[in-house]
Structure formats: structure tokens, C-alpha cells
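Data first, discussion second: the structure below is written as C-alpha cells.
The values are calculated or read from the model by the stated rules, or taken from the named source; none is laboratory data. Quick caveat: nothing in here was measured; it's all calculated off a predicted structure. Note: ideal-geometry Cβ built from the backbone for every residue, glycine included; neighbour counts use all protein chains shown.
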């Protein structure tokens, strides 16, 4: 049975997930600071083992950003990412009840657009907002 818990994972748990999905590992202190600055976090566990995670970052009044939706590869295809996203979307809607003009964004990994479209997300181009950009 999979348990979904609104909590912040440890840096080791986070790095286990990021490494498993091909995103590599980040220094623990940086991970701890980043996670501490999240607005909302949800973890999926199979027993004591973290198997999935997602979070919201942003200012909570104008902009939210869905970040770090991850599921261990051996657990993918079991609707764990879907449950994480449903919880995140619920939290976004809670924020929108207070701040109706708030916008929620995300950066989908290559090939994952259709997954996020199931939750009502559209591309920036579809919204008439132009292409997204990044400064590396």
C-alpha cells in the first residue's frame, strides 16, 4: 500500500529520487535549503521507502510553480505521479480561492506534456503567453 504524506523529504531521499530519474545528485545543504523554501510538499512511500515526490514553490499570491514531480522508475505507471499531481492541484485550487488571479506554472520534462495536460495545464503558447525560457 502506498502512503501519501504532506512532508518534506530528507536530502538523501530527495537525491535518491532525482538520481533515479536521471537528474543527478545535489549537495545536501543546497537540497535542504531548497526544500525548506517550498510552499507545499508531498511524498509517496512504500513502507519506509520514498518512491515519489512533488512540491510547489513560488510566492503563493501571484505565482506558483509545480516542481520536482518524481517517481522511482520501478514504480512508474502505477498512478503514483497522478496522485501526487492531484494533491498538488488541490493545493493550487486552495490558493486560488484566496488569490483568484494566481497563475500556476510548470516545466514538463521532454515527452511529459500529455501527463500534465490531464490536470488542466496548457502550454504557454496555447495560453497566448509566448515560449518559456531559462537562464542556465
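Taking every residue in segment 92-119 that is closer than 15 Å to residue 65 by Cα and pairing it with any residue that is surrounded by 15 or more Cβ atoms within 10 Å (Cβ to Cβ) and at pLDDT below 90, at least 6 positions away or on another chain, the pairs with Cβ-Cβ distances below 7 Å are 106/121; 116/108. Restricting attention to segment 8-41 and to residues that are part of a helix (DSSP H, G or I), touching a helix residue (DSSP H, G or I) at 6+ places or on another chain (Cβ under 7 Å) and in contact (Cβ under 8 Å) with a residue 24 or more places away in the chain, the residue that is surrounded by the most Cβ atoms within 10 Å (Cβ to Cβ) turns out to be 14.
On inspection, residue 5 does not qualify as closer than 26 Å to residue 120 by Cβ and surrounded by 14 or more Cβ atoms within 10 Å (Cβ to Cβ). Note on segment 94-114: among residues that are at pLDDT 90 or above and surrounded by 12 or more Cβ atoms within 10 Å (Cβ to Cβ), the one that is nearest to residue 62 (Cα to Cα) is 102.
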